[in-house]
């Protein structure tokens, strides 16, 4: 995975957070930044928000790569709560899931 | 429906202090995303939606002591899925050879719950039932066999709409559209369902928000009433000044010509349900009108247009001039033009006009028109269908006015007949529509549902009369309402509503004459009227002040009129009292 692809994964996650924010009340909107805490104790992401975010990211990955990338780990809460701590840990999780299914385009 | 009046009033006054419509979502899936989208949507009217506990549809609808009913919502949205709401449907999915005799009884029971809830709230939206297109059911025989899922779904939905159509404050929303617009692949989302019990994909929910908003706009009188169209490369292909009538692309064996005929068909369908059509075009008027009258493939003819400005002037000036002639507010106008510069000009000059982005590709024009969701109506009445005819008659009236020596001669020459009748169930849909849509000649701008208005009219202390107007040029239909409330020896005029289409033809004076005589017949000695100002009902106070027999001592007091000497009937009016 190239650094260009990593950057694109981050921007894809940020776009998904914007999607999620469309349905959140003002006080629960999640800052759209690579440094945002998500499901960490300081974060604003609750379990429902995590589900929506997974769906939005999977959707965007499908549009980008044309393939199914499963981020939910069959609902394993331990794995997910770690993966969704921050935008950066989430990006690493997305890259891991995508690499395990070899879906990233070879060239950007 | 006080919230509607409140909403309309507050929206008109300020964007910062909007009154929100309170709503309750009753669903058998997790509706948190949907309520989130609904609450964050900034289009008017704004909504504050709460969720009843999901999965408890029956309890939520039946038990008004539940916490979710603590504050009665203005609107209840009932969004359920057939597999969870109808056990027989579920059984058919599990066992395709089951005998689903109970399906209709289950739908009836569901409708009974809706009916029960409808007695407690002002409006209920119920979504039609849908199923995933991934479910092939019995495949080839899914529509043939009684236990086929598709077969059962069709029957259940038909029963649902038939059962609910008699409830005037219940509307069934077509959820199938939302799935189609979202696309089959995005209609359902396994991650959302299995991890969050969210019943539909996010795009379906966004489409649902659109339709809920459109429905509420219809119910709050925010429906757009006038479509103003360009001609060249909008209504027909080509520039008539360059190619002449024969060179226009319209109909024939031509994809663009066929698309433009379809566009005109859809426009005509809107006109037939009461939306006015107008033209603002930079063109030679004679040439353009000749094309409209004579081109063999034109679907829209001159009589389909309520008015036009075809000249070389600025389109913003022309638009303003046209809406004044048609007595339509700018917030009721949709402007369609192929030229982005003209669209920009209008949007900049009149932000309240809806100026949709118009596709470059003419083949996409019909779909662009159909996608506009601002023309919904809570009911279609004969008056709607005849609205454009009224403007044709109005042009003839004006022609006579020009020839008449005075306004008085003109009014005499119209041979106007006003028919007054007590409000009846037959007139209730139109009367309620008039009550909710009329802004200018409206004393109190009350907004009510049919059932609320009927209940008010049936109170012993209240009386409602409707007014129909016809003249030598046509029948305008039911265009006025007077509602009186009796207290002691005084009658208070609660509603004084007159369609702007007939304003200024002494119908106003006739209505006051009738109200005064009716009050006198009831043995009362005074008729009062409390004017409630809105940003748009200035014509009403001008009438009360300058042309009516009402007087008031100061601005804080209601207007009053002694019934010792009630105002006479205008001599240009023939009155028929249908209550006798």
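Of all the options A:95, A:51, A:69, the one that moves most in a Gaussian network model of chain A with Cα springs shorter than 10 angstrom is A:51.
Using only Cα atoms, find the angle between the long axis of helix A:3-21 and the longest principal axis of chain A, and express it within 0 to 90 degrees, rounded to the nearest 10. Around 40 degrees separate the two axes.
Can you figure out the FRET efficiency of residue A:68 with residue B:361, using R₀ = 41 Å and their beta-carbon distance, to the nearest 0.05? Write down the numbers at each step before the final one.
Numbers: r = 33 Å, r/R0 = 0.81.
It comes to 0.80.
The slack in the chain from residue B:520 to residue B:403, taken as 0.36 nm per residue of separation less the alpha-carbon distance, amounts to 38.1 nm. Name the residue, out of A:73, A:21, A:37, whose mean-square fluctuation peaks in a Gaussian network model built on chain A with Cα pairs under 10 Å. Maximum fluctuation in the GNM of chain A, among the listed residues, is at A:73. Between A:58, A:27, A:18, the GNM of chain A built on Cα springs shorter than 10 angstrom shows A:27 fluctuating the most. Take the Cα of residue B:132, go 7 Å toward its beta carbon, and the backbone nitrogen atoms of segment B:74-97 under 18 Å from that spot belong to B:80-86, B:89-96. The distance from the alpha carbon centre of segment B:368-442 to that of segment B:125-203 is 39 Å, rounded to a whole number.
Evaluated on segment B:21-220, the Kirkwood hydrodynamic radius is 17.2 Å, with distances taken between all distinct Cα atoms.
Ranking B:250, B:270, B:363, B:140 by Cβ neighbours within 10 Å, fewest first, what do you get? Write out the running numbers ahead of the final one.
Values: B:250 24, B:270 19, B:363 13, B:140 10.
So the residues, fewest neighbours to most, are B:140, B:363, B:270, B:250.
Quick one: Debye curve from the C-alpha atoms of segment B:415-577, no solvent, what's log10 I(q)/I(0) at q = 0.14, 0.19, 0.21 Å⁻¹? Normalising to I(0) and taking log10 leaves -0.65, -1.29, -1.60.
The helix-only estimate of mean residue ellipticity at 222 nm for chain B, built from DSSP H runs of length n ≥ 4 each weighted as -39500 (n - 2.57), is -12000 deg cm²/dmol after division by the residue total. By the count of other C-beta atoms within 10 Å, a proxy for reagent exposure, A:96, B:513, B:427, B:253 are ordered fewest to most as B:253, A:96, B:427, B:513.
The Cα-based radius of gyration and maximum Cα-Cα distance (Dmax) for segment A:3-101 are 12.3, 37 Å.
Say R0 is 56 Å: what FRET efficiency, to the nearest 0.05, do residue B:20 and residue B:577 get from their beta-carbon distance?
On the way: r = 44 Å, r/R0 = 0.78.
E between residue B:20 and residue B:577, to the nearest 0.05, is 0.80.
What area, in nm² and to one decimal, does the C-alpha convex hull of chain B cast on average over all directions? Numbers along the way, then the final one.
Numbers: hull surface 123.4 nm².
Value for chain B: 30.8 nm².
Just want the ordering: B:236, B:456, from fewest to most Cβ atoms lying within 10 Å of their own Cβ. Present the calculation step by step, with values, prior to reporting the outcome.
Working: B:236 29, B:456 18.
Going from sparsest to densest Cβ surroundings: B:456, B:236.
Expressed as a whole percent, the proportion of Cα-Cα pairs in the protein assembly as shown lying more than 45 Å apart is 34%.
A helix-only calculation puts chain A at -18000 deg cm²/dmol for mean residue ellipticity at 222 nm, using -39500 (n - 2.57) for each DSSP H run of at least four residues, averaged over all residues.
Any read-out appearing in this document is the output of simple, stated calculations on the displayed coordinates, not a laboratory observation. Note that the structure is a prediction, hence the values are computed from the model and not measured. Note that we place each Cβ from the backbone using ideal geometry, even for glycine, and neighbour counts take in every protein chain shown.
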